[in-house]
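The values are calculated or read from the model by the stated rules, or taken from the named source; none is laboratory data. It should be emphasised that the depicted structure is a prediction, and the values quoted were computed from it without experimental measurement. Cβ coordinates were reconstructed from backbone atoms using ideal geometry, including for glycine residues, and neighbour counts include every protein chain displayed.
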Amino acid sequence: MTTARVAPAPIARPRERRIGTRLFFLVAAIYFILPLVAVLIFTFAGRWTANILPDSYTLDWWKQAIGNPELVGSFSTSIVLATGTAILDILFVVPAAYWARVRNRRLRPIIELGAAIPFCLPYIVIAFGILQLSGIVVPGLQGTFLLLMLGHTAIAFPFVYWAVDAAMSAAGVERLSEAAEACGATPFQIVRRVIVPNITPGLVTGSILAFATSFGEFAMAQVVGRGLRTVPIWSAEALRSYISAPGTFNQLAVITFITFALLFVLSAIIVYWNRNQTLRLLPGAAAVAETERG
Amino acid sequence: MSSGVSLQDVRKSFGSVHALDGVSLEIESGELIALLGPSGCGKTTLLRSVAGLEQPDGGRILIGDRDVTGVPTRERPIGMVFQSYALFPNMTVRQNIAFPLTVRKRPTAEIKARSDEMLELVNLVPQAARYPNQISGGQAQRAALGRALAPAPDVLLLDEPLSALDALVRTRLRDEIRRVQQLVKTTAIYVTHDQSEAMAIADRVAVMNHGRVEQIAAPPELYETPATQFSATFVGSRNALELPVRDGRVSLGEAFSVPAPAGSSRAVVFFRPEDVEVGLNGVGLPATVEFKIFLGATSRLHLVTDSDGQEARFYADLPSRRAVALVPGARVSVRVEPTDVRAFPAGG
């Protein structure tokens, strides 16, 4: 990535402040990157005793992790689960948020109350609630992948809702929606052609949050998805069996790092792919883009 | 190609507020009518009702011969321009203009030809590939006008289209909108709170107040003979004085004397500052110049008189060349032709 040239500040900042800003940025970068570096080093660590860096390095953990069918299995389960959760959440939240904002504002308090529930109740309580209810209504779904995905959709929905709703507010969807309607667009065309393209930053943020929520969720996966092996479930089991099977932590580090890299690359791709879009949608960003071109 | 609009006893309330209190209006085909009034008078609600963005509680709205009262917005033969432009940020100027045709699934060749025509019409050919955040406010509103006209609507609806623009662009774009409207001969409803804008652009002006149409008239008629006190206050800048009625007449000393409106003891009189004749020859009512404001070609004198022991203040506009000697404190005499004075019952 090249250094972005931004519009010159109207008044040159004093040197001390510039140094201060850089120092702050450096500290923040270390704070965020150091744990990842540690995880990465751990995946290659052979013997690691009292030194800052490992005594020896090895590729064994990577080979073992990738060659471990249980680990690979739980990893792919988690990926499918988290992707499905993110997609379901977007499909559910975008029309709902649009409707509550543009067509019937009386729905907003109801949705917002619903969005508060996953924050008020521990996931384990919600999980047992889902277990009880599904036992009465749809006993056939119990213990299935689908029910767990629906459960994750429910707990991740507030993140998606707030991200999407904020993006809708920033884009002024009420106004755009009326304009599109006056142009003869149907509600589906409005959402598809006008609303969605103008809230992409919110969609990206929301789906990454939903993905991450589902990927790292433990309690519900344990209770609702009985028998399903997700990465957190596998990790918990690995923790328990650490003494008997040394190296599982290193394998866990491998999976953690792969997951992180995947999410990072994913968001980088989306951000890069949307960069013009994002620039168009950010107030004042045009000036910056102008400078970049010139 | 365009058709007239007929509004019949249109009513709309928001809670206890009567936004539209039985509005009836006949708009002829190809006519540009301005809805003029202060904020909250119902003019925007009326426009949005024609668009279908508000559903009236009662009454009928006809476009041509078709009753559109319950018809959804997207099926009405309208084009709309909003105060905030409301261009789609994810589309270029060309795509914005083509949007009404795209959603109606017109053939590609037709969309191309029609958007070229519209870009030409609103003078945006060089900006066709730009995005809304890369063009000026005036250009954005022209793009919005092109978008509204692209499907060749029967009625063009404009909701304060110039309010977000600065003064210079405003007059230019006002004339531009008028030119385009006359070129495509579409019926147009233009909402504004600016009386000079309304008079400059419209064939007829409907003055609205408290959800009703107070007067509908061509701009010169509205300017010269306001039918109600509200019209008189709202249109043009006028002197307003409340005076007592004596022997069926209302007068301001020797300045003027006109018949009073029937059955009232006090009357409000309106007269224009440019109709006040200021002289130094002693004919008329003596007055003192309080202060003078230079406006360029004309100067505005703020005058104070003592008529029947009652102080009255009003102002007079006269060519700046003639006002040179009239410094604050100067004594002058004023007269107003009785035909230039309009009297209404006080308290109405």
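Note on segment A:103-180: enclosed helices (runs of 4 or more DSSP H) holding 2 or more residues that are more than 20 Å from the chain's Cα centre (by Cα), within 14 Å of chain B (Cβ to nearest Cβ) and of a type in the set (A, V, I, L, M, F, W, C) are A:145-171. Per the listing B:37, B:22, the residue uniquely modelled with pLDDT under 95, closer than 17 Å to residue B:214 by Cβ and in contact with a helix residue (DSSP H, G or I) (Cβ under 6 Å, 6 or more places away or on another chain) is B:37. Could you tell me whether any residue of segment A:197-212 is touching a helix residue (DSSP H, G or I) at 6+ places or on another chain (Cβ under 9 Å), within 19 Å of residue B:82 (Cα to Cα) and touching a residue at least 60 places away in the same chain (Cβ under 8 Å)? So far as segment A:197-212 goes, yes, one or more of its residues are touching a helix residue (DSSP H, G or I) at 6+ places or on another chain (Cβ under 9 Å), within 19 Å of residue B:82 (Cα to Cα) and touching a residue at least 60 places away in the same chain (Cβ under 8 Å). Name the residues in segment B:146-165 that are in a helix (DSSP H, G or I) and in contact (Cβ under 8 Å) with a residue 60 or more places away in the chain, would you? Answer for segment B:146-165, where residues must be in a helix (DSSP H, G or I) and in contact (Cβ under 8 Å) with a residue 60 or more places away in the chain: B:147, B:148, B:149.
Restricting segment B:52-98 to residues that are facing another protein chain (nearest Cβ under 10 Å) and of a type in the set (Ser, Thr, Tyr) leaves a set whose member that is surrounded by the fewest Cβ atoms within 10 Å (Cβ to Cβ) is B:84. In the set B:174, B:179, B:204, only one residue is of a type in the set (Lys, Arg) and farther than 22 Å from residue B:222 by Cα; that residue is B:179. Is it fair to say residue B:114 is within 30 Å of residue B:17 (Cα to Cα) and of a type in the set (D, E, K, R)? The answer is no for residue B:114. Being within 26 Å of residue B:325 (Cβ to Cβ), modelled with pLDDT of 85 or more and either within 27 Å of the chain's Cα centre (by Cα) or outside any strand (DSSP E or B) (or both) is the filter here; which residues of segment B:255-283 pass it? Passing the criteria: B:255, B:271, B:272, B:273, B:274, B:275, B:276. Summed over segment B:99-127, residues that are part of a helix (DSSP H, G or I) and within 10 Å of chain A (Cβ to nearest Cβ) total 5. Within segment B:231-245, restricting attention to residues that are at pLDDT 85 or above and over 14 Å from residue B:346 (Cβ atoms), the residue that is surrounded by the fewest Cβ atoms within 10 Å (Cβ to Cβ) is B:239. Could you list, in sequence order, all residues of segment A:118-146 that are surrounded by fewer than 16 Cβ atoms within 10 Å (Cβ to Cβ), touching a residue at least 40 places away in the same chain (Cβ under 8 Å) and either of a type in the set (Asp, Glu) or under 23 Å from residue A:205 (Cα atoms) (or both)? Hits for segment A:118-146: nothing passes.
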